[in-house]
Structures are given as C-alpha cells and as structure tokens.
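Report on one structure; see the data block that follows.
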Amino acid sequence: MISETFPTETEVQGYRLDDFLTLAAQNNPTIRQARLQISAQTAKALQAGLYPNPTLNYIGEQIGVDVEGDKDSPGEFQGMTVSQRFVTAGKLKLSREKYMRRAHISEHLAMAQQFRVCNDVRIHFFRALAAREIVELRKELLKTAEDGAVTARELYNQGQATRPQVRKSSIALQRARLDVLSAENHYRESFRRLVAIVGVDLTDGVVSGELMPQGEPLSYQEAMSLVLTESPELAAARAKLAADRVTVRREQVEWVPDIVAEGGAGYNFEAKETTAAAGVSIELPVFDRNQGTIRQAQLDYRRQQEEIRRTELMLQQQMANVYQQYLTALQIATEYDRVIIPEAELAYQELLESYKANRVDWPTVLDAQMDYFDSRLTRVQHLEQVRTNEVLVRGYLLHGGLMAAPGPTPPGHIDAVAKPR
Amino acid sequence: MPSPEDRRKFLKVGSFAAATGFVGNLLGRDANAQEPMQHSGMKQHDNMPQPIGNASARPEIPASSEVAAEYEGFSRFKPSRGLDPDSDYYIGKLVPGFRKASDGPAPFEAPDIPTLPYKMDNGVKVFELVPMAVQQEFHPGVKMNVYGYNGSMPGPTIEVTQGDRVRIVVTNELPEDTFVHWHGFELPVQYDGAATLTQNPIKPGKTKVFEFDIHEEGTFFYHSHVAMQEAFGQVGWFIVHPKRVFDPPVDRDFGLLFQNFHIPPTHTISDSWSMDWNWHTINGKSGPYTTPLVCKHGERVRVRLLNFAPMQHHPIHLHGHTFWVTSHEGARIPKSAWVPRNNELVGVAQASSFEFIANNPGDWIFHCHMIHHMMNHMVKQVGPRMRDDASVDQYLANLSSRPQVDASRSDKFATPGYPQKMQGMEMSEDFMNAIWSRKEVRGMRANYAMSVKGLMTVLRVLPDDLYELVMNSDQPVEKGAVFAEIVRRFGDPGKYEAAPRMMM
Ligand SMILES: [Cu+2]
C-alpha cells in the first residue's frame with residue numbers, strides 16, 4: 001500500500017496545548033499585524049493634532065513704479081511677512097481625540113485577533129489530538145479485522161464458513177487497513193494545519209492532552225452573557241461608536257473660521273522708509289457651514305449604533321448554532337463515557353469470559369470487541385466536536401487565525417483629506 | 001441394615017482398622033483380610049499409585065445372602081453371557097441381587113435430589129408440594145434460575161408403595177397460575193391436573209389438595225401442566241414400589257432425570273421458548289458435576305431413567321455392560337418382552353428401567369449418545385482457544401487494547417476439517433475443588449472431569465473394600481488410585497497409563 005511513515009510517540013517530540021499557544025503568541029503574523037494597526041492609528045492621531053506651520057511671505061509690490069528720482073524703482077514695497085493660521089474651536093484636539101479613539105478600536109481588534117489565533121490553535125490542537133486517538137483506535141479495529149480474517153479461514157477449514165464469507169473478511173480487513181491509512185493522513189493534516197497557524201516550522205510531532213473537558217458545562221445563558229459582555233468584536237464596535245461621536249463633534253466645529261493673521265516689515269521705496277504690513281483674514285461661513293459633512297457624520301454615528309446591534313444579533317445567531325453543536329456533542333460524548341462504552345466494555349468482557357467457559361464462539365466475541373472499539377471511536381469523534389465548539393463558545397466565537405487583522409474603520413468614513421481630521 | 005450415612009458416621013468415630021474389621025465381617029472374609037495391607041516395600045509398576053484397599057480380597061457372596069456366583073454360565077463377578085440365549089439367566093436376566101426380597105424394595109436413590117417427607121393422617125400419606133422459583137447450581141458456581149418445587153429442581157421425590165392412599169397439598173408460590181399433573185396415574189379425573197380441562201388453575205398463593213388411591217406400580221412423575229413451566233424445570237419423581245418386590249430383587253434402585261434448557265451465554269435464565277437447547281442436566285447437574293452412581297461388584301442394579309427434555313429424545317448408552325430394559329414408566333414389562341441393550345432410546349416424557357448385574361468393575365460412562373448432548377454448549381471451535389499462542393486471559397488482562405493476532409497458518413490447516421477436537425473449557429480451581437469434593441468421585445482418574453460433560457454421568461462398579469473406602473471411610477484417596485487398583489486387580493497393570501496430572 002502507498003503510505004507515508006507515521007510518527008510514533010517515542011520517535012518524535014510530544015507537544016502540549018500550552019506549547020503551541022506560546023509559540024503562536026510569538027510567531028503568528030496576524031497578531032503582529034494587529035499591533036501595528038494600533039500604532040498606525042496613534043501615528044495618525046499625532047498627525048491630526050499637529051498645529052499648522054507659519055508661512056513666511058516675501059512681498060514685492062508695484063515693482064517698477066516711477067517714484068521721485070528713480071524711474072523703474074524696485075517697487076513701492078519690498079518686504080517679508082509671516083502669516084499664521086490660528087485654529088479655532090479646538091479642531092486639532094478633537095481630531096487627535098478622534099484618532100486616539102480609533103487606536104482604541106484597534107486595541108480591541110488586536111484582542112479579537114489574539115482570540116482568533118488562540119482559538120484556532122486550540123481547535124486544531126484538539127482536532128489533532130482526536131485524530132491521534134482515532135489512529136490508535138483504527139489500529140485496534142484493524143487488529144480485530146485481522147482476527148476476523150484469521151477466524152474466517154479457521155471457520156472455512158471446519159466447513160462452517162463459505163468461500164464468499166472468507167472473501168468478505170478479506171474485504172473487511174483491507175477496508176480496516178485503509179481506515180488506518182486515512183486516519184494517519186488525517187492526523188498529519190491536522191498537525192500540519194496546527195503548525196501553520198502557530199507560524200513556526202515544525203516537522204512531525206505528536207500532540208498529547210485530554211479530550212474530555214473538565215468542569216461543569218456552560219449553560220446557554222452563561223455562554224450568551226459571556227459573549228455579549230466580553231466579546232472584543234462588540235467592544236470594538238462600541239469603541240467605534242465613541243470615535244464616531246467625536247467625529248460628529250469634530251465636524252460640528254469645522255465651520256468655525258480659523259483666523260489667519262499676517263504681519264511683517266519692508267521698505268517703502270516711495271516713501272523711502274521702512275514700513276510694516278499687517279493683515280487678518282477670516283473665511284465667512286456664508287454658504288458652506290460644513291452642514292453636509294456634519295450630517296454625514298451624524299448618520300455615520302447612527303449607522304454605528306445599528307452596527308453594534310447587528311454585531312450582537314450576529315453573535316447570537318452564531319452562538320445558537322455553535323452552542324447547539326457543543327451541547328449535542330457533549331451530551332453524546334458524556335453518555336458514551338458514562339453508559340455506552342462501559343456497557344460495551346462489559347459486554348466484551350462477559351463474552352470473553354463466556355468464551356473462556358466454552359459458552360460462546362469467537363466470532364461473537366469479535367463482534368463485541370468491534371462494538372467496543374467502535375463506540376470509543378464515536379466518543380472521540382464527538383469529543384472533537386465538543387472541544388472545537390467549546391473553544392468557540394468560550395472564545396467569543398472568534399476563529400480564522402490566519403486572516404489579516406482588520407482595520408478600525410469600515411468603508412464610508414471621512415478620510416479623504418490630505419491632513420487627517 | 002443401617003443406612004449408608006449411619007455407617008459413614010460409625011466409621012468416622014471408629015478406627016479404620018475397626019472399620020475394615022466391620023467390613024470384613026460383613027463380607028465373611030478370613031482373618032487375613034481383616035489386617036490392613038502393608039504397602040511399604042512392595043514393588044510396584046512405575047506408573048501405578050500405591051495399592052489401596054484389600055487387594056487379596058476376592059469377590060464373594062456376602063454371608064447374609066443366598067445367591068450364587070454363577071448361573072448357567074453367567075457370572076455375577078466377571079463379564080459373561082451365559083450359555084443359552086433362551087435361559088432365564090442369559091446376560092444376568094433373572095440373576096437376583098444380594099438383597100432378599102423379604103427385605104422389601106431397595107431404597108430409591110436419585111443423586112442430588114431430596115426425598116419429599118410425608119405425614120400419616122388416618123392411613124393417608126400426606127405430602128406438601130410447593131411450586132416455586134428455584135436457583136439450581138448446574139455447575140460449581142453456575143447458578144441458574146429455574147422453576148421447581150420445595151426449593152429443588154427437579155422437585156423432591158415422592159416415594160410410595162402400591163396400594164397407598166396419598167394426599168398432596170399443593171401451595172402455589174409462583175407469581176402465576178400453575179397446575180400439577182400426576183403423570184401416568186389412573187386416578188379420578190378431577191385430580192388429573194390437566195390445565196382447565198379438569199380443574200381450575202391454582203392461583204398464586206393458593207392451595208389445592210389432591211387425594212387418590214394408588215393401585216399402580218412403576219416409575220411415575222409429577223410435573224406442571226403449563227408447557228413453559230415444564231420447560232423451566234417443574235418435574236419430580238413419583239416412585240411407586242410394588243406391593244410385592246419384583247423378582248429378581250435388585251440391590252440398587254437409581255434414578256436419573258434428564259432435562260434440557262436453553263440458557264444464553266452470560267445468562268442464568270432459561271429461554272423456555274427456544275427450539276434449541278444448550279444446557280443439559282441429570283438430576284439438576286451437568287457433567288462433570290453429575291454425581292456418579294456407585295455400586296458394588298456383583299450387585300443387581302436398576303437404573304430408572306426419565307427423559308424430561310422439552311423436545312429432544314436421548315439414546316442412552318451404558319459402557320461395559322449389557323442391560324435389560326425391564327419396564328417403561330407406567331408398568332413393569334413381562335419378562336418375556338424384556339430386551340437386552342447397550343443403548344436405549346428414551347423419548348420425551350418417557351422413563352425406562354435398565355437392569356443388569358454389575359459384573360465388570362470400573363468407572364463406566366453412562367450418557368446420551370447425541371453428540372451435541374455430550375457437552376454443555378456447542379460453540380464453534382475457532383479463536384484463541386485453538387491457536388497455539390493465545391489464551392483468553394491475555395485479552396481479559398487489557399480490554400482496551402487487544403493482542404495482535406498471528407495470521408500465519410500452521411501446516412495443520414492443510415488438513416480439511418482441522419480441528420475437530422472440541423477444546424475443553426478452562427476449569428477454575430474452585431470448579432475443580434467442587435467437582436472433587438464429593439465422596440462418589442474419590443479415586444477416579446485425575447482428569448475425569450475433562451470428559452464427563454453435558455448428559456453424562458459415571459457408573460462406578462467397585463469391589464467391596466474399595467466401595468467402603470470410597471463411600472464410607474474418611475481415608476484420603478489419591479486421585480486415580482481406585483481406578484489403578486481396579487486395573488491392578490482386573491485389568492492389565494503392565495500397560496497402565498496414569499492420567500496426566502494437569503488438572504490439579
Ligand atoms: Cu440426548
């Protein structure tokens with residue numbers, strides 16, 4: 001059969017969940033991306049609050065005008081002025097506050113990203129753990145299938161099985177071998193996917209840990225209140241609302257005219273003496289009082305209010321689905337643990353004892369053995385479901401640890417000016 | 001004559017020397033025979049255990065008896081036919097036992113089944129019979145849930161004499177209706193017990209009284225007349241001794257009651273609906289837990305054999321002897337119609353009486369010849385038990401991970417049909433202790449338990465001294481010693497092979 005070599009516990013290093021979480025915290029690029037997003041926003045805040053620079057003007061007026069005793073004089077006035085815009089109504093402070101608040105959103109989003117990564121590590125860790133246990137159980141089932149094939153040949157030699165029954169046992173044996181191979185392949189896949197999220201290059205390894213969750217299961221109310229109070233996504237949406245509130249305030253003062261004052265000195269070639277120049281300008285908000293942008297900002301603010309609600313509802317919808325899968329799998333796994341597997345084990349044991357006492361034949365024992373191993377397999381499959389869904393329930397439904405960390409602003413915001421405001 | 005139990009008690013308090021003296025006197029031996037044998041320094045065959053008993057004793061007629069050792073060429077002490085098939089003594093047909101007819105009928109003895117006591121009331125024998133659920137130990141430690149009477153399955157034996165009037169007070173302790181039928185009796189129809197045809201059911205907790213005169217003699221039995229209760233074990237002997245002891249008188253009157261059950265593996269409750277039957281019992285025990293019938297060399301023996309299997313007839317075979325079929329359940333057969341046999345087919349609800357002179361000492365198997373009845377279950381012989389390297393214990397040691405199977409086939413599989421030998425079950429030490437705890441098996445071959453299975457028991461024909469040693473003394477008897485001693489005296493000791501001592 002075509003196969004890859006499969007690592008065994010003794011040959012390669014064993015890893016626990018904490019090992020992977022530590023590695024991921026150090027190496028997953030999206031976590032760094034998310035932190036960089038925060039820095040980018042604080043840089044923007046810095047920029048937005050910077051005071052405008054003064055302007056140095058050279059002025060030469062009426063160059064070439066004839067004055068007494070001099071035709072083609074250098075001009076009536078030659079001099080330098082300095083002009084300075086005086087920003088009013090705390091616009092810069094508001095702009096800086098607005099971007100600081102956006103940095104705050106990025107902090108929540110970075111938190112969310114950490115959860116995405118950690119949750120993914122956990123999910124893929126438990127998948128790998130389950131896959132590992134499934135490999136072992138598939139190997140047990142293979143031994144049973146081998147025994148079944150040997151038993152069929154023994155029965156055949158005693159006239160108690162037909163040739164097609166022997167062939168059937170060969171088919172069952174080959175299927176069991178394929179099941180082992182695909183279980184091994186699935187383990188490799190799980191391990192490699194786990195390693196990809198962690199962000200380091202690990203070759204083969206084995207995972208070790210406990211699949212059955214410890215402690216009391218979460219109720220739906222607990223799960224829901226946890227996500228509604230602590231979800232980083234919701235926190236980011238709420239922070240965004242605060243930023244939008246500042247945006248409104250910022251736009252509301254935008255129409256307040258800045259005062260531009262200008263002053264300087266020069267030489268008046270007409271009067272042949274040094275003179276001064278001064279000027280003040282102010283824009284008259286006659287037509288444009290920024291009323292459109294204010295309105296846009298206000299609408300954005302209201303939009304964000306709905307965004308919070310939408311996020312809550314989306315989380316509720318996801319939770320309904322994830323919790324259902326968590327609960328169903330937990331119920332099944334618990335009952336397999338509590339009743340079905342012990343019963344299957346006892347049945348197997350009792351039949352072994354009966355076989356020992358010459359009361360049942362071996363094929364009956366093999367059936368019970370297969371049932372027992374198969375029910376353990378089912379338990380592991382459901383525990384995998386329990387664990388992956390539990391991670392989501394406790395981890396605010398966040399996953400996708402290799403998707404790029406999102407920025408703080410959705411589309412539709414006022415960023416279209418050279419100087420951020 | 002004191003009962004065997006009284007004699008056993010007497011022997012326990014007296015010395016063994018006194019006991020041999022007692023036995024010696026009883027058998028009219030000479031003084032030498034009364035001295036215990038000195039075994040030390042005796043040359044013996046490599047294989048053979050130390051001689052036991054009184055080897056010099058020759059089979060003789062007890063002084064109390066007037067019978068002969070030989071009748072027209074038939075010897076009561078060695079296998080023989082007699083001279084003439086038309087003779088009354090051919091194959092011991094009418095050769096009397098040691099017991100005199102004037103001593104009354106030999107006591108009926110059904111091993112492992114108690115006798116039902118009675119009280120006399122104005123000349124009526126009053127028995128109290130209680131149908132109930134019973135736990136019966138088929139094998140050591142293997143307790144099955146069945147129905148029986150008075151705590152016993154089969155029910156206790158009712159033993160009366162022809163001409164008695166009996167009153168049987170039946171109190172139903174089952175949680176369901178029952179009926180009791182007195183099988184074979186020609187009684188007034190109202191007491192016949194046939195369900196609802198002749199009487200109303202005996203309700204749970206209720207009592208019904210049956211009273212009738214017995215004019216018959218023979219082997220009868222009582223049983224529930226509810227089919228499933230019958231299948232569940234509700235049957236018992238009802239032995240009627242003839243008013244005048246039959247000629248020739250017998251020394252032993254044994255009873256063997258055969259039953260079948262279907263009890264699934266890991267279970268203790270019989271499936272009375274089954275068409276298949278996997279547990280076979282004789283007097284409520286399954287071989288090797290069946291108790292051997294033990295008699296003395298030269299005795300006339302009767303075995304009454306009742307087949308109360310639900311639906312299977314049993315061809316019953318006794319080794320080492322040819323027996324006469326002298327009666328079926330309801331009546332004694334006229335002598336002219338007796339049949340000599342080695343194997344008698346006993347149908348469902350039939351009883352046959354076998355009579356023979358125990359003239360061939362040894363341990364003789366007495367069994368149903370249906371091969372599926374010669375073991376307790378028929379299971380396919382595949383799996384670890386027949387594989388060279390594996391025992392079931394290695395599977396039991398670690399249930400969560402099974403041992404690897406060796407897929408290579410040995411050359412033996414080149415023989416189509418291999419293996420046909422049924423591999424025995426693994427018997428525990430407790431099991432073997434229980435098997436060997438009974439006096440009836442003392443001195444048998446060490447691994448006899450490996451071969452006595454299902455509907456099998458053993459007839460032991462022992463010389464007097466060995467009979468006393470086995471049945472009435474507390475002397476330790478080595479496994480195989482009695483068998484070896486019989487070989488020494490009656491067989492070919494030079495060719496003796498001891499049993500391998502693998503089983504304890
Ligand atoms: Cu039979």
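The values are calculated or read from the model by the stated rules, or taken from the named source; none is laboratory data. Everything numeric in this text was worked out from a predicted model, so none of it was measured. Reconstructed Cβ throughout: ideal geometry from the backbone, glycine too, with neighbour counts over all protein chains shown. Side chains included, ligands, DNA and RNA excluded: accessible areas come from the protein's heavy atoms. Shrake-Rupley method; radii C 1.70, N 1.55, O 1.52, S 1.80 Å.
Some observations on this one:
- Gaussian network model of chain A, springs between alpha carbon atoms under 10 Å - residue of A:V380, A:V256, A:V248 with greatest fluctuation: A:V256
- Sequence-separation-based contact order of the stretch A:208-310, relative, with Cα cut under 8 Å and 6+ spacing, percent: 30 percent
- Taking a straight line from the alpha carbon of A:K71, these lysines sit under 26 Å away, with near neighbours fewer than eight places off in the same chain left out: A:K272.
- Positive-end residue, the stretch A:37-155 charge dipole about Cα centroid, Cβ charges, pick of A:M100, A:I123, A:A40: A:I123
- Over the protein assembly as shown, DSSP H runs of length four or greater, each weighted -39,500 (n - 2.57), average out per residue to a 222 nm ellipticity of -12000 deg cm²/dmol.
- Cα shape, the stretch A:17-159, gyration tensor, a/c 1.5 rule: prolate
- P(r) of the protein assembly as shown over all Cα-Cα pairs, binned every 10 Å from zero, in whole percent: 2, 9, 13, 13, 11, 9, 8, 7, 6, 5, 4, 3, 3, 2, 2, 1, 1, 0, 0, 0
- Beta bridges by DSSP in the protein assembly as shown, antiparallel share as percent, to the nearest 5: 75 percent
- Which of B:G347, B:V303, B:H377, positive extreme of dipole for chain B (C-beta unit charges): B:H377
- As a ratio to 2.2 N^0.38 Å, the alpha-carbon radius of gyration for chain A is 1.71.
- Value of relative contact order over chain B, rounded to a whole percent, pairs C-alpha under 8 Å and six or more apart: 16 percent
- Ranked by how many other beta carbons lie within 10 Å on average, peptides B:161-169, A:124-132 from highest: A:124-132, B:161-169
- Student exercise, chain A dipole from Lys, Arg, Asp, Glu Cβ charges, in Debye to nearest 20: 560 debye
- Calculated FRET efficiency, B:A133 to A:R338, Cβ-Cβ distance, R0 = 35 Å: about 0.60 to the nearest 0.05.
- Spin-label model, A:N53/A:K272: points 7 Å from Cα along the beta carbon direction are separated by 4.0 nm.
- Solvent-accessible area lost in complex, 30 Å² minimum, residues of the stretch B:249-287 relative to chain alone, 1.4 Å: B:P265, B:T266
- Rounded if a/c under 1.5, otherwise prolate or oblate - the stretch B:442-487, Cα gyration tensor axes: prolate
- Filter on B:K439/B:K495; B:K100/B:K243; B:K208/B:K285 - keep pairs with C-alpha separation over 24 Å: B:K439/B:K495; B:K208/B:K285
- Shape of chain B, Cα gyration tensor, a/c cut at 1.5: oblate
- Around the Cα centre of the stretch A:138-270, unit charges on the Cβ atoms of Lys, Arg, Asp and Glu (plus for the first two, minus for the last two) sum to a dipole of about 1420 debye.
- Take each residue of peptide A:364-374, count the partner chain Cβ atoms within 10 Å of its Cβ, and average: the result is 2.
- Taking the Cα centre of the stretch B:340-459 as origin and assigning +1 to Lys and Arg Cβ atoms and -1 to Asp and Glu Cβ atoms, the resulting dipole is close to 160 debye.
- Rounded to 5, percent antiparallel among DSSP beta bridges of the stretch B:228-306: 45 percent
- Extended-chain gain in nm, criterion 0.36 nm per residue less alpha-carbon gap, B:H319 and B:E186: 44.3 nm
- Calculated FRET value between B:K119 and B:Q162, using beta carbons and R₀ = 25 Å, to 0.05: 0.80
- Qualifying lysines (Cα of each under 27 Å from Cα of A:K139; at least 8 residues distant if same chain): A:K168, A:K356, B:K380
- Candidate lysines for bridging to A:K240, where Cα separation is under 29 Å - those fewer than 8 sequence places away on the same chain excluded: A:K44, A:K91, A:K93, A:K98, A:K419
- Summary of the geometry: the stretch A:67-146 and the stretch A:221-286, compared by the centres of their Cα atoms, lie 22 Å apart.
- With DNA, RNA and ligands ignored, accessible area of A:D374 (1.4 Å probe; Å², nearest 10): 70 Å²
- In the protein assembly as shown, the portion of solvent-accessible area held by carbon and sulfur atoms comes to 53 percent [1.4 Å probe, whole percent, DNA, RNA and ligands not counted].
- For the stretch B:132-182 versus the stretch A:326-394, the gap between their alpha-carbon centres in whole angstrom: 44 Å
- The residues of the stretch A:88-152 present an accessible area of 31 Å² per residue when probed at 1.4 Å with all protein chains retained.
- B:R332 paired with B:S451, simple spin-label distance in nm, labels 7 Å along Cα-to-beta-carbon: 3.7 nm
- Where the stretch B:170-244 is the region considered: accessible area per residue in Å², 1.4 Å probe: 41 Å²
- Among beta bridges identified by DSSP and lying wholly in chain B, the antiparallel ones come to about 70 percent.
- Inter-label distance for B:Q475 and A:V256, nm, one decimal - labels placed 7 Å from Cα along Cα-to-Cβ: 13.0 nm
- Selected from B:F138, B:P114, B:Y89, residue furthest toward positive end of dipole (the stretch B:78-175; charges at beta carbon): B:Y89
- When each of the peptides A:95-107, A:327-339 is scored by the mean number of other C-beta atoms lying within 10 Å of its residues, the order from highest to lowest reads A:95-107, A:327-339.
- Separation of alpha-carbon centers, the stretch B:459-504 and the stretch B:347-368, rounded to whole Å: 21 Å
- Shielding by partners - mean other protein chain Cβ count within 10 Å, residues of B:407-413: 2
- Taken across both chains, chains A and B shield about 3400 Å² of accessible surface from a 1.4 Å probe.
- Contact with the other protein chains removes 20 Å² or more of accessible area, compared with the isolated chain and a 1.4 Å probe, from these residues of the stretch A:116-163: A:E140, A:K143, A:E146, A:D147, A:V150, A:R153, A:E154, A:L155, A:N157, A:Q158, A:Q160.
- A:S231 long-range amide H proximity, modeled H, under 5 Å: none
- Between A:Q13 and A:F287, the FRET efficiency from the beta-carbon distance, with R0 = 51 Å, is close to 0.10.
- Within 10 Å of the Cβ of each residue in B:391-400, the mean number of Cβ atoms contributed by other protein chains is 4.
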